[in-house]
Amino acid sequence: MTTSVQELWAWFQERPKWLQDAARRIVQNVVLSEQDYEDLIYICISEAIGKEVVYSGLPVHALDGQDSATPLRLESVGDVKGINALCLSKPLEFGKAQLCIIYGRNGTGKSGYVRLLKHVCGARQPGELLTNIFKTGEQHQEAKIIFTENGDTEKANTKFSLWAGSPLPELQSIDIYDTACGLVYVNEENEVVFEPWILRLFTELTNTCENMSKLLQNKIAAQVSKKPAFPIELSSTTAATWYSGLSAQTTTKDIDGRATWIPENDLVLSDVNKRLSEINPTAKAVALRRQKGFVLELIRDLKKTHQGLSDKYCITYLEAKKDAKSKRMAAEEDAHKVFSKAPLSGIGTDSWQLLWEAARKYSEDHAYKDAVFPNVSETARCVLCQQVLDQDARDRFESFENFVKGELKSLAAKADNDFQNAIDLLGNVFAGDLLVVKIEAAGITNDAEKCAITDFVGALTKRREECFSAEEIAEVSALPGNTILVYLVQFARNLSKQARSYDKDAKEQNRPKLEQQAKELTAQKWLSQQRSAIEEEIKRLNMISVLEQAERLTNTQALSKRKSILSEKLVTEAYVERFKNELKNLKASRLAVELVKTRAVVGHVYHRISLKNAKTAVKTSDILSEGEFRILSLASFLADAEGRGAQTPFIFDDPISSLDQIYEEATAQRLVELSKIRQVIIFTHRLSLISSLEKYAEKFNIKSDIICLSSNTIGDITDLPINLKRTDRAANTLANECLAAAKRAFALGDVAYANKARGLCGDIRILLERIVELDLLAGVVKRHNAEVNTKGKIHLLAKITEDDCKFIDDYMTKYSAYEHSQSEESPVSLPKPEEIEADIGAISEFIKTLKDRTKK
């Protein structure tokens with residue numbers, strides 16, 4: 001490994017991991033597949049977020065490789081559909097020679113083929129490829145392209161591809177030159193096509209970076225936001241500002257602080273809205289305080305009942321009830337003993353005791369004021385019946401009084417009194433309409449809260465009733481909790497707080513502040529309702545952030561800078577030198593132009609053709625003549641394409657347009673020289689160019705093929721005209737095809753024969769002229785050729801005989817007659833088919849004689 005290569009390898013080790021892996025794949029496989037891009041995207045994203053990733057960089061000696069070029073040649077274009085007006089019955093074949101000339105007059109389809117090939121090969125400035133504008137309906141564009149790789153090796157491989165709109169990767173190395181291409185080369189900056197393999201690696205890496213960037217941008221574009229639109233009426237809130245500023249840095253804590261809503265906030269928002277809706281805040285404050293009074297009254301009533309039915313008082317009641325019952329039973333048993341012998345029943349009952357007490361009062365107040373009740377003296381009378389008491393009656397009176405004033409009776413009376421007190425302590429439960437009135441007075445409108453109060457009172461009522469019938473506390477349902485009392489206390493406090501707020505509103509008139517507070521609370525509530533959407537948006541923004549970090553790793557600046565440094569050494573000087581040499585080859589060294597490097601950007605190096613010493617900035621094409629423009633564009637094109645040293649085809653469309661004789665000759669010679677190592681395909685309508693090409697092909701011993709396009713069917717292939725064929729082949733064509741057609745026409749009549757025979761006679765005259773140029777004079781002088789070519793040929797002129805001259809003179813005279821206007825008085829009749837056949841045979845024999853003579 002050389003020092004420079006070692007330093008470049010070390011430079012690669014400092015590049016992003018995905019780029020190192022991409023470089024390895026390009027070196028090993030040349031072209032990256034879809035799977036390669038998927039792998040590289042994964043590596044790039046992982047690298048962006050700091051995730052550990054497995055990758056392979058360039059092997060140690062990977063940069064020691066050499067340039068290589070795969071030979072390529074075009075074989076044919078066929079099955080053309082929807083391309084201009086091209087209508088070919090068979091494929092356009094480019095022959096087997098290195099030099100292929102496709103001849104056609106204007107409008108025969110040459111430019112259509114070139115436009116098609118530009119799109120097939122991905123050439124610069126391909127232009128729009130139109131369909132047949134004279135046809136209606138949709139026209140699908142396609143063509144079948146046959147080509148051969150490694151044509152002269154054992155690995156020759158003939159392939160075909162169906163083109164349907166996109167350039168074929170296998171043919172993108174083909175160079176195509178036409179007028180549009182020439183304008184680009186002269187007027188615009190152009191990237192150098194020639195690149196040593198190490199620079200091509202940089203170009204491929206640059207393209208890979210651009211592709212990766214597009215893939216990542218597509219992924220970013222696919223991250224469509226589903227974030228709901230923030231309510232316009234709340235746009236002035238801090239919540240709106242926070243929402244619009246959501247980013248990948250927004251944390252869960254931030255979301256908790258902004259998008260959390262608790263029930264208490266509903267009360268605050270409701271309070272604020274109520275305050276905003278109140279026209280007279282002072283009156284509202286008074287009403288709220290009055291409502292608070294009713295709430296407090298309700299609380300007192302409920303609290304008193306709740307406390308009265310506590311376990312403590314219930315147990316007191318149950319114990320008092322039990323005590324009163326037991327003591328009453330004891331008193332009753334004692335009374336039974338006392339009153340068992342009484343003649344009447346019911347002694348000791350409540351009604352009897354009332355009667356007894358009434359008797360006591362009557363005795364003490366009226367009958368016996370000074371005597372102790374009952375008066376049982378011997379003369380005493382019954383206070384009820386007024387009869388004198390006998391001894392039995394006096395005894396009963398004394399026993400009755402002893403009972404009434406006895407201990408058991410007193411205990412029973414006390415127990416009954418305690419029991420009554422215990423009942424009073426339980427209190428009364430207000431319910432029904434009274435409860436409804438109290439709830440409404442307290443301003444409680446929420447159904448759930450009203451039900452809670454009703455249920456609370458119902459539970460208390462049930463407990464009280466159960467207490468009355470129970471003997472033990474265990475038989476009584478549990479005391480309900482005081483949650484509703486806590487709520488009512490808080491409700492009362494809120495009313496007080498609201499009243500103070502209304503007092504403040506009345507005093508300060510702070511409505512704008514309240515309106516903003518209402519908006520802030522409403523916005524916060526909206527955010528809480530969108531929390532899941534906010535969290536999804538943060539995930540999306542995080543993904544975009546990761547993808548953007550990954551895309552930054554596809555930046556081509558480092559590649560461009562390094563390639564620019566390398567291209568200074570490997571490309572620029574050589575490219576400029578090639579341009580100078582091409583100008584020299586094309587006889588254009590006198591032109592005051594130069595090729596200068598303008599810039600290197602995104603891994604590409606650009607050059608421009610400039611006028612030397614120009615004082616005003618103008619386009620080169622505005623100063624140069626059309627011919628000079630054409631020759632300069634050719635020189636630039638060839639300098640560009642030849643630098644690669646590739647063995648891929650050159651395609652030229654009418655390269656000598658506007659060139660004078662000197663430039664035309666130089667161009668023809670250069671194109672033939674190119675065909676020594678590469679297939680050269682030339683489309684032209686210029687016979688002079690064909691003549692020059694044939695001359696230099698013969699000079700350099702290079703085989704060539706000439707293909708002719710039909711003048712009748714655009715793009716179709718037809719036989720070569722007589723003036724483009726070798727004389728012996730032309731004679732065979734006249735004998736085998738044209739004469740046969742004339743014979744068939746002869747059988748149809750004079751008119752049909754005259755049309756065929758006149759054309760055949762004209763072709764014979766042209767053949768005779770070609771014989772003079774090519775065979776008799778051995779090509780020393782030719783039409784469309786300014787040179788007199790005597791090298792290796794001048795001695796052949798000495799072999800011309802008088803018989804040769806007479807033969808040519810006789811036949812030229814005979815067949816020229818049919819080319820000129822004839823006198824009506826002495827017309828020249830067309831020869832019969834047999835006569836023409838004999839003449840063609842004689843001419844063929846004459847050609848053979850001349851060719852045999854030149855070989856001696």
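A few remarks follow.
- Condition check for LEU527: out of contact with any Asp or Glu (no Cβ under 6 Å at 6 or more places or on another chain), over 30 Å from ILE631 (Cβ atoms), open to solvent by 30 Å² or more (accessible area, probe 1.4 Å) and touching a residue at least 40 places away in the same chain (Cβ under 8 Å): no
- Scanning the range 432-460 for residues that are at pLDDT 85 or above and crowded, with 19+ Cβ neighbours inside 10 Å yields one hit, ILE444.
- In the range 235-253 there is no residue matching the filter, namely being in contact with a helix residue (DSSP H, G or I) (Cβ under 7 Å, 6 or more places away or on another chain), closer than 30 Å to LEU58 by Cβ and open to solvent by 60 Å² or more (accessible area, probe 1.4 Å).
- Subset of the range 161-188 that is part of a loop (DSSP other than H, G, I, E, B) and farther than 23 Å from ALA639 by Cα - its residue that is most open to solvent (accessible area, probe 1.4 Å): SER166
Residue-by-condition table, conditions (1) under 28 Å from LEU674 (Cα atoms); (2) surrounded by 18 or more Cβ atoms within 10 Å (Cβ to Cβ); (3) hydroxyl-bearing (Ser, Thr, Tyr):
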{"site": "ILE706", "(1), (2), (3)": "yes, yes, no"}
{"site": "ALA731", "(1), (2), (3)": "no, yes, no"}
{"site": "LEU734", "(1), (2), (3)": "no, yes, no"}
{"site": "PHE746", "(1), (2), (3)": "no, yes, no"}
{"site": "GLY749", "(1), (2), (3)": "no, no, no"}
{"site": "ALA757", "(1), (2), (3)": "no, yes, no"}
{"site": "VAL772", "(1), (2), (3)": "no, no, no"}
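- Matching residues, the range 657-676, being assigned to a loop (DSSP other than H, G, I, E, B), touching a residue at least 40 places away in the same chain (Cβ under 8 Å) and either of a type in the set (A, V, I, L, M) or open to solvent by less than 10 Å² (accessible area, probe 1.4 Å) (or both): SER675
- Hits in the range 559-578 (condition: in contact with a helix residue (DSSP H, G or I) (Cβ under 8 Å, 6 or more places away or on another chain), among the charged types (D, E, K, R) and surrounded by fewer than 20 Cβ atoms within 10 Å (Cβ to Cβ)): ARG562
- The residues of the range 103-143 that are part of a helix (DSSP H, G or I), open to solvent by 40 Å² or more (accessible area, probe 1.4 Å) and charged (D, E, K, R) amount to a single one, ARG115.
- Pairs, first of a type in the set (Lys, Arg) in the range 456-484, second open to solvent by less than 70 Å² (accessible area, probe 1.4 Å) and in a helix (DSSP H, G or I), C-beta under 9 Å, six or more apart: ARG463/CYS314; ARG464/THR305; ARG464/GLY308; ARG464/CYS314; ARG464/LEU426
- Any hit, the range 683-691, residues being of a type in the set (Ser, Thr, Tyr), modelled with pLDDT under 90 and either open to solvent by less than 30 Å² (accessible area, probe 1.4 Å) or not in a helix (DSSP H, G or I) (or both): yes
- All positions within the range 288-312 that are more than 26 Å from LYS497 (Cβ to Cβ), in a helix (DSSP H, G or I) and open to solvent by less than 70 Å² (accessible area, probe 1.4 Å): THR305, GLY308
- Filtering the range 465-486 to residues that are over 30 Å from LEU296 (Cβ atoms) and of a type in the set (Gly, Ala, Ser) leaves SER469, ALA470, ALA474.
- Test: CYS100 is open to solvent by 60 Å² or more (accessible area, probe 1.4 Å) and either touching a residue at least 60 places away in the same chain (Cβ under 8 Å) or of a type in the set (Val, Ile, Thr) (or both): no
- Candidates LEU485, LEU495, LEU514, LEU595 - the one that is touching a Leu at 6+ places or on another chain (Cβ under 8 Å) and crowded, with 20+ Cβ neighbours inside 10 Å: LEU495
- Scanning the range 530-558 for residues that are among the hydroxyl-bearing types (Ser, Thr, Tyr) and open to solvent by 70 Å² or more (accessible area, probe 1.4 Å) returns a single hit, SER532.
- Going through (1) at pLDDT below 85; (2) surrounded by fewer than 16 Cβ atoms within 10 Å (Cβ to Cβ); (3) of a type in the set (D, E, K, R) one by one, GLU195 falls short only on (2).
- Among residues of the range 58-84, those that are in a loop (DSSP other than H, G, I, E, B) and at pLDDT 85 or above, counted: 3
- Residues being modelled with pLDDT under 75 and within 17 Å of LYS462 (Cα to Cα) - total across the range 282-306: 0
The values are calculated or read from the model by the stated rules, or taken from the named source; none is laboratory data. Computed from a predicted structure; not experimentally measured. Cβ coordinates were reconstructed from backbone atoms using ideal geometry, including for glycine residues, and neighbour counts include every protein chain displayed. The area values use the complete protein model at the heavy-atom level, side chains included, leaving out ligands, DNA and RNA. Shrake-Rupley method; radii C 1.70, N 1.55, O 1.52, S 1.80 Å.
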